[in-house]
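Structure record follows, encoded as structure tokens.
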Amino acid sequence: MVVIRSFEPADIAAYLAIQETAWDETMAAAESKLAERFRIFPKGLLVAEHNDEVVGCATFIRIDDYDEYLKPSWEDTTDNGWCRTHAEDGPLLFGVDLSVAKGAPRLTAPMLFMSAMELGMRLGVEATIWGGRMPRYHKHSEAMSPEEYLFAKTKTGRYIDPEVQLYSKIPGVEIRGVIPEYFKDFESLNNGVLLRWPNPIARYPFLRPFAGTVAASIYRVSRGRKRARRRNRR
């Protein structure tokens with residue numbers, strides 16, 4: 001069973017190890033940056049545990065705005081990962097990173113996403129946004145533009161990029177488009193995927209204490225719909 005909990009200073013070594021395997025040296029967070037993130041916004045750091053081992057990690061900060069027309073880069077939005085752009089009362093929760101260890105249970109990443117959305121509901125933000133990847137784009141770049149590839153699907157209705165397909169399965173997520181030169185990522189040819197998850201209880205602050213229940217309900221409904229679709233295809 002995967003359990004999501006708040007980051008603790010003792011998790012630094014495990015967090016760094018997962019980052020180093022998930023990203024190259026140009027993107028993995030240094031220990032000094034991770035410590036600064038914890039100092040600035042400790043609530044925004046999450047880890048996933050399986051059998052008492054850390055198998056996933058994520059960092060989120062609050063920001064005042066994200067211009068979807070200009071589409072600023074990851075470096076600009078996060079102060080190159082130092083996260084000094086954090087705004088204590090910012091209306092948006094921004095995903096700085098999310099990494100999963102090799103061999104981690106399949107639901108690790110979705111559970112980290114859902115836990116981040118629960119955090120956003122508790123904080124009362126308008127939405128959670130982040131920049132994802134489309135790691136197989138480099139194989140299709142001669143035939144398709146980044147936007148064409150992002151929304152391309154197979155005959156069965158699945159996104160052709162497995163990472164984008166994963167994002168599409170997160171209940172309520174909106175795939176908003178491509179962010180050119182978002183971060184250094186050869187496989188995506190430096191393109192990011194702009195993702196947005198509107199907070200369903202943003203207008204109902206009295207529901208914030210029940211954010212965990214709301215998130216669990218959203219997850220159960222989503223799983224039920226997936227099972228129903230599988231039965232209908234048989």
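The values are calculated or read from the model by the stated rules, or taken from the named source; none is laboratory data. Everything quoted here is computed from the prediction, not taken from an experiment. Positions of Cβ are backbone-derived with ideal geometry, glycine not excepted, and every protein chain shown enters the neighbour counts. Each accessible area value is taken on the protein alone, full model and side chains, heavy atoms only, with ligands, DNA and RNA left out. Shrake-Rupley method; radii C 1.70, N 1.55, O 1.52, S 1.80 Å.
Roughly speaking, what is the stretch gain from S6 to A143, that is 0.36 nm per residue apart minus the C-alpha to C-alpha distance, in nm to one decimal?
Details: separation 137, 0.36 × 137 = 49.32 nm, distance 4.31 nm.
Taking 0.36 nm per residue and subtracting the Cα distance, the gain is 45.0 nm.
Can you give the % of DSSP beta bridges in segment 1-143 that are antiparallel, to the nearest 5? Mind showing how you got there, number by number?
Values: 19 of 23 bridges.
Just about 85 percent of them are antiparallel.
Please work out how much length the chain gains when fully extended from T21 to A152, using 0.36 nm per residue of separation minus the C-alpha to C-alpha distance, in nm with one decimal.
Extra length from T21 to A152 when fully extended: 44.3 nm.
With a Förster radius of 25 Å, plug the Cβ-Cβ distance of E187 and E68 into 1/(1 + (r/R0)^6) and report the FRET value to the nearest 0.05.
Working: r = 24 Å, r/R0 = 0.95.
Taking R0 as 25 Å, the efficiency between E187 and E68 is 0.60.
Based on DSSP H assignment, which helices of the chain show an axial Cα extent of at least 20 Å together with a mean Kyte-Doolittle hydropathy greater than or equal to 0.5? Present the calculation step by step, with values, prior to reporting the outcome.
Values: long enough: 108-123 (23 Å, 0.87); 211-233 (33 Å, -1.20).
Membrane-span-like by this rule: 108-123.
For a Förster distance of 30 Å, can you work out the FRET efficiency between the beta-carbons of L207 and R106, rounded to the nearest 0.05?
With a Förster radius of 30 Å, E is 0.50.
Take R136 and V221, extend 7 Å from each Cα along the Cα→Cβ direction, and tell me the distance between the two endpoints in nm.
The two pseudo-label positions are separated by 3.1 nm.
Return the inverse of the average 1/r over all pairs of distinct C-alpha atoms in segment 160-200, which is the Kirkwood hydrodynamic radius, in Å to one decimal.
Details: mean 1/r = 0.0907 Å⁻¹.
Its Kirkwood hydrodynamic radius stands at 11.0 Å.
Show L112, L189, L16, L70 ordered by accessible area, largest first, where the area counts protein heavy atoms only and the probe is 1.4 Å. Each step should come with its number before you reach the end.
Details: L112 0, L189 65, L16 25, L70 125 Å².
Putting L112, L189, L16, L70 in descending order of accessible area: L70, L189, L16, L112.
Rounded if a/c is under 1.5, else prolate if a/b is larger than b/c, else oblate: which is segment 29-105, with a ≥ b ≥ c the root eigenvalues of its Cα gyration tensor?
Numbers: a/c = 2.08, a/b = 1.77, b/c = 1.17.
The shape class here is prolate.
I need the shape label for segment 1-71. Rule: rounded when a/c is under 1.5, else prolate if a/b > b/c, else oblate, with a, b, c from the alpha carbon gyration tensor.
Working: a/c = 1.73, a/b = 1.52, b/c = 1.14.
Judged from the Cα gyration tensor, segment 1-71 comes out prolate (a/c at least 1.5, a/b above b/c).
Could you work out how far the C-alpha centroid of segment 78-150 sits from that of segment 47-68, in angstrom?
Each part reduced to its Cα centre gives a spacing of 8 Å.
Please work out the average accessible area per residue across the chain, using the 1.4 Å probe convention, and give it in Å².
Value returned for the chain: 53 Å² of accessible area per residue.
List the trypsin sites (Lys or Arg not before Pro) within segment 44-104 that fall in a DSSP loop (any state other than H, G, I, E or B) and whose Cβ has at most 14 other Cβ atoms within 10 Å. Before the final figure, lay out each step's value.
Values: sites: R62, R84, K102; in loops: R84, K102.
In loop regions of segment 44-104 (DSSP not H, G, I, E or B), the sparsely surrounded trypsin sites (Lys or Arg not before Pro) are R84, K102.
Sort segment 127-231 into rounded, prolate or oblate with this rule: let a ≥ b ≥ c be the square roots of the eigenvalues of the Cα gyration tensor; rounded if a/c is under 1.5, and if a/c is not under 1.5, prolate when a/b is larger than b/c, oblate otherwise. Working shown, then result.
Numbers: a/c = 3.25, a/b = 1.60, b/c = 2.03.
Oblate, because a/c is 1.5 or more while a/b does not exceed b/c.
Can you send over the carbon and sulfur percentage of the accessible area for the chain, probe radius 1.4 Å, protein chains only? Walk me through the numbers before you get to the answer.
Numbers: 6300 of 12330 Å².
That fraction is 51 percent.
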